[in-house]
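Working notes for the structure below.
What follows is calculated from the coordinates using simple rules that are stated; it is not laboratory data. On a predicted model such as this, the values are computed, not experimentally measured, just so you know. When we count neighbours, we look across all protein chains shown, and the Cβ atoms used for this are built from the backbone with ideal geometry, even at glycine.
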Amino acid sequence: MVRDVDVAVIGGGPAGLAAALACRENGIEDVLILERDNYLGGILNQCIHNGFGLHLFGEELTGPEYAQRFIDKVEKERIPYLLNTMVLNITKDKMVYAISPKEGIVKLKAKAVILAMGCRERTSGALMIPGTRPAGVYTAGMAQRLVNLEGYMPGREIVILGSGDIGLIMARRLVWEGANVKMVCELMPYSTGLQRNIRQCLDDYEIPLKFNHTVVQIHGKDRVEGVTIAEVDKDRHPIPGSEEYVACDTLLLSVGLIPENELSQSAGVMLDKVTGGPIVDEYRHTNIPGIFACGNVLQVHDVVDYVSQEAEIAGKGAALYIKNKFTEGGVCVKAGAGVRYTVPQIIRSKESFEIFFRVDDIYINGSIVLNHGGKVIYSRKYVQVTPGKMEKLRLPSNVLDKMQEGGSMEIRWVNAEEVAENDEACMHSVSQGM
């Protein structure tokens, strides 16, 4: 039997919860959340550290506390959800097929679908580190689950590869539990995590952070006995003679997150080669009519507050789609010099909205510049930008009025000395609150 719903939300984590609430707030009553785990809240349930909610609630919350705020709202609004429900396939015409022990096979015909499946960690198999396969190699997220939810210690003498935020947070967490975190090795010349986590999780506990270093060998048969690390050159190749053996019983990997987009691809959604997430417009609408995406399935976020805000945009977009209030056409947004990617990649409306982006290196004292039709239509000064921090840029409606239909807009980094004097009129500094 096929069940009709207005909006099917795939995922009951912070993105899915916020998207479902936004649908209800924008006049869509028939909303259903599908969650594969046996509880709502997603990954936040194992993030027991504080620091969540500063942007959205103006106070510091733990991950479970942050999730509970949204779960309570979902319960209050009586938005239905199915737990232990694994979505198997989504089609272009928005048929959703799922399975669960309680419901059996679930078939939904949705007017709109919101993708909020989150992301997964890159594993040791993706890194192809030489050596055997002993016990003691974990992703940082798995170690976090073991310690915070299951009550197990992954090890006592620990090396962490990668300076992603989960790895940094787990370095501190493991020290609190009595482990000796010997070092964090980072392949790049900069951290991929937030600076505040480096200060609070490494510097405060005197844990060394070795840039331009990686693990080139794992030692041990039944259990990790040690790793060999080495310095890398500018091409990220190990430098002969720089090898160093480090005795340890555990290797934690914090080497990147991958958006979970197998379902998106089955529906024909086009993916961005850099983000690994769908290509969307400012309402997070994909190339498949009626399918939207938000949260870490779209782009990997640093701050969960931004996940919730983005999900609200997708929820509003789904409501507008159902009400037939969508516009066609649009302008493509392209990443230029110094910028790795932008979200959204398409602009359709003339309403004020935010562009999220990441740069490809550390840049100091310059501007993010938007070019359209051979002209600078907007620019904002930055003291510093880093790859580890996702930036967002709000475009006011008077800037969007300057854009012509079709073509493309480029967003790029320009050093201070390169900014032409005749562009100063359109400069908007951070101090102006733009």
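Give me the distance between the Cα centres of segment 125-183 and segment 211-285, rounded to whole Å.
The two parts, judged by their Cα centres, are 14 Å apart.
Of all beta bridges DSSP finds with both residues in the chain, what is the antiparallel percent, to the nearest 5?
About 55 percent, rounded to the nearest 5.
Please compute the Cα-Cα pair-distance distribution of segment 54-184 with 10 Å bins starting at 0, giving whole percents from short to long.
9, 26, 28, 25, 11, 1
Fewest to most neighbouring Cβ within 10 Å: what's the order for Arg3, Arg348?
Arg3, Arg348
Using Cα-Cα distances under 8 Å and only pairs 6 or more residues apart, what relative contact order does the chain have, in percent?
15 percent
Would you work out which of Asn296, Val96, Ile160 lies farthest towards the positive end of the dipole of the chain? Charges go on Cβ: Lys and Arg +1, Asp and Glu -1.
Val96
For the chain, count the residues as N, evaluate 2.2 N^0.38 Å, and divide the Cα radius of gyration by that value, please.
1.03
Students often get this wrong, so check it: of Lys323/Lys381; Lys73/Lys381; Lys109/Lys325; Lys92/Lys323; Lys92/Lys381, which have C-alpha atoms separated by over 30 Å?
Beyond 30 Å between Cα atoms: Lys323/Lys381; Lys73/Lys381; Lys92/Lys381.
Within 15 Å, Cβ to Cβ, of Tyr97, how many net charges do the neighbouring residues add up to if Lys/Arg are +1 and Asp/Glu are -1? Intermediate values should be presented prior to the final figure.
Working: positive: Arg3, Arg36, Lys92, Lys94, Lys107, Lys109; negative: Asp4, Asp93, Glu103, Glu262.
In short, +2.
Checking the a/c ratio against 1.5 first, then a/b against b/c, what shape does the Cα gyration tensor give for segment 123-255? Write down the numbers at each step before the final one.
Numbers: a/c = 1.72, a/b = 1.15, b/c = 1.50.
Taking the square roots of the gyration eigenvalues as a ≥ b ≥ c, segment 123-255 is oblate.
Based only on other Cβ atoms within 10 Å, what is the fewest-to-most ordering of Val5, Val333? Working shown, then result.
Values: Val5 19, Val333 23.
Listed from fewest to most nearby Cβ atoms, that is Val5, Val333.
Which of Lys316, Lys73, Lys210 moves the most in a Gaussian network model of the chain with Cα springs under 10 Å?
Lys73
Can you tell me what share of the DSSP beta bridges in segment 123-255 is antiparallel? A percent to the nearest 5 is fine.
Taking every DSSP beta bridge with both residues in segment 123-255, the antiparallel ones total about 40 percent.
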